[in-house]
Amino acid sequence: MRTNAELYEQDFFAWTQTTAALIRAGKWDDLGPEALAEEVESLGISQKHALGSHLRNLVMHLLKWHYQPGGRQTGYSWRSSIDNARDEIAMILEDSPSLWREVSGLLVRRYPAARRLAHDETGLPLSTFPETCPWTAEQVLDADFWPEE
Amino acid sequence: MSTNAELYAQDFFAWTQTTAALTRAGKWYDLAPEALAEEVESLGARDHRELRRRLQRLVTHLLKWQYQPSGRQTGHSWWSTIRTQRQEIIDLLEQSPSLRRTVPDALSARYALAREHASAQTRLPLATFPETCPWTAEQVLDTDFWPEG
């Protein structure tokens, strides 16, 4: 019979089913604690990554909104992209309030990618966009914040 | 201080971090076993769902390949979709060999949807495509299988 740690190496799906059964039966001695700890941690890390991606998209669309006002008329899709990203972020933060303290750091780290994407998608020179994020975390996440010139 | 079960309800990210630490420290008596078992199971369910989704997409494109020969060039988007989906499925099954036995069921469960999508995307009548999946699981996953009508 394979140990739980061996199963983790050989068959991930089978490991998830067996591990859940061992936990429910309280058979803690049969579990490979390191694999279990890593997988549980990875659930939280995926959520943090998702938060970072939504923030990057949101800031990219806010940059387009602010610096290419011409796109705002036909910009129904920009408006809904901004609304959707804010919604996704709100859901993550409701689920995990402790991620609030990560928002400012994520904004700083993901801003250069947002800026580069805004430059690619608008065709405006990179120097159009400020080198650091011009908005606070509160502004970025405020559903009523629509930056205008 | 909130218990592990309370934390699970209140703050998912914090729960993942705390639970990983408790697991590593072997403090099983502080853990909420049902939440932990469910989350571990959900990791397996995620891969199972991904397998089914990718199989459906692969079958849609195999149907298009067989029944609309004009799209059949190497390098065409159908060709690369078929190759990519197969590789992703093979990777998933390598990581979780126990999911292999679910492939035939997934194929019959998802075939009707795959057929509808193939019909919509090619604008060919639904009756163009067989009512049940014309291929075995082995054929669908064989990287050298390119059905020609």
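No lab work stands behind these numbers, since they all come straight from the coordinates. What you see is a predicted model; the values in this text were computed from it and never measured. No Cβ is skipped: glycine too gets one built from the backbone with ideal geometry, and neighbour counts run over all protein chains shown.
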Checklist line | Helix A:76-95 axis, angle to chain A major axis (alpha carbon atoms, nearest 10°) | finding: 40 degrees
Checklist line | Three semi-axes of the equivalent ellipsoid, region A:56-96, Cα gyration tensor, whole Å, largest first | finding: 23, 10, 5
Next item on the list: Among A:THR136, B:THR16, B:THR122, A:THR18, rank each residue by its count of other Cβ atoms within 10 Å, from fewest to most, as a rough exposure measure.
Entry: A:THR136, B:THR122, A:THR18, B:THR16
Margin query: Please compute, over every Cα-Cα pair in region B:5-149, the percentage with a separation greater than 22 angstrom.
Written below: 51 percent
Next item on the list: Grab the Cα-Cα distance for B:ASP142 and B:GLN10, subtract it from 0.36 nm times how many residues apart they are, and report the gain in nm with one decimal.
Entry: 42.9 nm
Checklist line | Helix axis angle, B:103-122 relative to chain B longest principal axis, alpha carbon, degrees | finding: 50 degrees
Next item on the list: Neighbouring Cβ atoms within 10 Å as the yardstick, rank B:LEU31, A:LEU126 fewest first.
Entry: A:LEU126, B:LEU31
Next item on the list: Would you mind pulling out the separation of the Cα centroids of region B:1-56 and region A:1-75, in Å?
Entry: 10 Å
Check: Loop-only check: which GluC sites (Glu not before Pro) in region B:68-149 are DSSP coil with at most 13 other Cβ within 10 angstrom?
Finding: B:GLU131, B:GLU148
Notebook entry, point to check: Which whole-number percentage describes the relative contact order of chain A, with Cα contacts under 8 Å and a sequence gap of 6 or more?
Noted result: 26 percent
Margin query: At 222 nm, what value in deg cm²/dmol follows for the protein assembly as shown if DSSP H runs of at least 4 each add -39500 (n - 2.57) and the sum is divided by all its residues, to the nearest 500?
Written below: -22500 deg cm²/dmol
Next item on the list: When you have a sec, figure out the Kirkwood radius of region B:49-112 from all distinct Cα pair distances and drop it here in Å to one decimal?
Entry: 12.3 Å
Item checked: Three principal axis lengths of the protein assembly as shown [C-alpha, angstrom, descending] -> 60, 59, 27
Item checked: Max mean-square fluctuation residue, GNM over chain A, Cα-Cα springs under 10 Å, options A:ARG86, A:ARG24, A:ARG115 -> A:ARG24
Check: Any idea what the alpha-carbon Rg over 2.2 N^0.38 Å comes to for region B:15-79?
Finding: 2.02
Notebook entry, point to check: Can you list the residues, at least 5 places off or on another chain, whose amide H is less than 5 Å from the amide H of B:CYS133, using H built in the peptide plane?
Noted result: none
Next item on the list: For chain A, just the Cα atoms, rotate onto the principal axes and tell me the three extents in Å, largest first.
Entry: 67, 27, 26
Next item on the list: For region B:58-141, run through the trypsin sites (Lys or Arg not before Pro) and keep only the ones in DSSP coil with at most 15 other Cβ atoms within 10 Å of their Cβ.
Entry: B:ARG72, B:ARG123
Note to self: Along the charge dipole of region A:68-131, pointing to its positive end and built from +1/-1 on Cβ of Lys, Arg, Asp and Glu, which listed residue (A:SER80, A:LEU107, A:GLN68) has its Cα farthest out?
What the structure shows: A:GLN68
Checklist line | Cβ-defined net charge surrounding A:ILE82, 15 Å radius [Lys, Arg +1; Asp, Glu -1] | finding: -2
Notebook entry, point to check: Ranking A:MET91, A:MET60 by Cβ neighbours within 10 Å, fewest first, what do you get?
Noted result: A:MET91, A:MET60
Next item on the list: Would you give the gap between the C-alpha center of region A:82-105 and the C-alpha center of region B:62-87, rounded to a whole Å?
Entry: 39 Å
